[in-house]
Amino acid sequence: MEKTLRIALIGQGSMGRAHSNAYRQVASFYDLPYAVEQSILCGRNPATLTAMAQRWGWRETAADWRDVIARPDIDIVDVAVPNSLHAEIAIAAAQAGKIVFCEKPLANSTVESAAMRDAVSNRPNMVWFNYRRVPAIQLLRSMIDDNRIGPIFHFRAFYLQEWGNDPSRPPNWKTDKAIAGSGVLGDLMSHSLDLALFLNGPIATVQALQRTFSRGREIDDATLVLARFANGSVGTFEATRYATGCRNRNAIEIHGENGAARFDLEDMNRLEFFDAAPPREEQGFRNLLVSANRYWKPGHIVGYEHTFISALGDFLQALADNEPFEPDFESGHRVQLVIDAIARAASSGSTVEVQ
């Protein structure tokens, strides 16, 4: 008999919609020994909460997350609220014996992220670093494991958006340092850092520059980083909300002794690969179409929403097999350690070692 996992989602914003879609779709693409039940949607805006619950298939709504995590009929608590609330809710959910999911960045400080990691140490958990599940990124990881790229010399990453330069856009919690913790460093660069750790290993030291373009804001509108990896390679990272002309350009580029690769989320079903093995006159970047056969026939493209479905499906499969899963809270804490080092490097103007 299938075991039913009853979900409580805390948060009704854009990530709440992305997660809701994953819960609705996962059983269509993964053969799992679980039935996923969307039990409770918890949010602070009663004017829109009921409509969202009805649209996305939630059975009940609630206004107080404390009441939700205290319920014995909830198995998984999914934290998709502003960053400043992550630690309190996730730790309380873990203490209540729940499986805990959390949006990125995991926390607003390393103190919080360490406490969250420790709280879930004996509980299954996940951080929604969904871009690890892009098929092109999965192929790139396989290529790195097979030594098709490395030893690696350079790792470049940039995450560019333009909405900071839109004067008609009203302020939101992401521009409030007390809530968000940081600007693009935590919001955008955390994704780049997670992919860097996933693909190229630990970061040893960082230097950084931050800039705020909007008057009256305390958060970083742009962050630039020079990094040295533990494996001897060097890296550059850039994140900004003022890249006019870039809607959501999340890109990486890796150069190694045996090859190179390039990826851009704005063309997420493609991976550019350069093989240094053939004679020089036969070398060149190849544009590979990389789709996920789990969803459609080979060559039929997938989208942003499938990265969340894959993250959830892979977690549930690991849970059923009693196997470890990444990215987990430990992964999120490692990203937070790099974020903290970058913030200190930008403030001091010096090179900072990552703990």
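Diffusion coefficient (Stokes-Einstein, Kirkwood radius over C-alpha pairs, 37 °C, 0.692 mPa s) for the chain: 155 µm²/s, rounded to a whole number. Pop the C-beta distance of Asp146 and Gln95 into the FRET formula with R0 = 45 Å and round what comes out to the nearest 0.05. With R0 = 45 Å, the Cβ-Cβ based efficiency is 0.60. For region 239-294, trypsin sites (Lys or Arg not before Pro) meeting the loop criterion (DSSP other than H, G, I, E, B) and having at most 15 other Cβ atoms within 10 Å: Arg247, Arg294. Ranked from largest to smallest solvent-accessible area, with a 1.4 Å probe on the protein heavy atoms, Phe213, Phe274, Phe237 come out as Phe213, Phe274, Phe237.
For the chain, a simple Cβ point-charge model (Lys and Arg +1, Asp and Glu -1, everything else neutral) yields a dipole of about 660 debye relative to the Cα centre. With the convex hull constructed from alpha-carbon coordinates only, region 200-355 shows a mean projected area of 13.2 nm² over all directions.
Using every pair of distinct Cα positions in region 123-189, the Kirkwood expression returns a hydrodynamic radius of 15.5 angstrom. Here the Kirkwood formula, the inverse mean of 1/r across different C-alpha pairs, assigns region 84-127 a hydrodynamic radius of 10.0 Å.
Taking amide H positions as modeled 1.01 Å from N, with prolines and chain starts lacking one, the residues under 5 Å from Ala243 and 5 or more places away or on another chain are Gln161, Glu162. Does anyone have the angle between helix 329-348 and the longest principal axis of the chain? Alpha-carbon axes, 0 to 90°, nearest 10? Its long axis makes an angle of about 60 degrees. With R₀ fixed at 35 Å, the C-beta to C-beta distance from Glu272 to Asn165 puts the FRET efficiency at about 0.75. Charge dipole (Cα centre; +1 on Lys/Arg Cβ, -1 on Asp/Glu Cβ; no other charges) of region 170-292 amounts to roughly 440 debye.
Between Ser14 and Asp67, the FRET efficiency from the beta-carbon distance, with R0 = 35 Å, is close to 0.90. Distance from the C-alpha centroid of region 270-327 to that of region 155-199: 24 Å, rounded to the whole angstrom. For region 1-95, the Cα gyration tensor yields ellipsoid semi-axes of 21, 16, 12 Å (square root of five times each eigenvalue, largest first, whole Å). Helix 189-200 and the longest principal axis of the C-alpha atoms of the chain enclose an angle of approximately 60°. For the chain, the relative contact order comes to 19 percent (Cα pairs under 8 Å, sequence separation of at least 6). Using 0.36 nm per residue and subtracting the Cα-Cα separation, the extra length available between Ala51 and Thr205 on full extension is 50.7 nm.
A straight Cα-to-Cα reach below 16 Å connects Lys174 with the lysines Lys104, residues fewer than 8 places away in its own chain not being considered. So for the chain: antiparallel DSSP bridges make up what percent, rounded to the nearest 5? The antiparallel fraction comes to roughly 55 percent. Ignoring lysines fewer than eight residues from Lys98 along the same chain, the ones with Cα atoms less than 20 angstrom from its Cα are Lys3. Take each peptide in 75-82, 31-38, 6-13, 320-327, count the other Cβ atoms within 10 Å of every residue, and average; sorted highest first, the result is 75-82, 6-13, 31-38, 320-327. Each helix, a run of at least 4 DSSP H residues, gives -39500 (n - 2.57); summed and divided by the residues of the chain, these come to -10500 deg cm²/dmol at 222 nm.
The values are calculated or read from the model by the stated rules, or taken from the named source; none is laboratory data. Just so you know, these numbers come straight off a predicted model, no measurement behind them. FYI the Cβ positions are ideal-geometry reconstructions off the backbone, even for glycines, and counts take in every protein chain you see. Please note that ligands, DNA and RNA were not included when accessible areas were found on the heavy atoms of the full protein model with its side chains. Shrake-Rupley method; radii C 1.70, N 1.55, O 1.52, S 1.80 Å.
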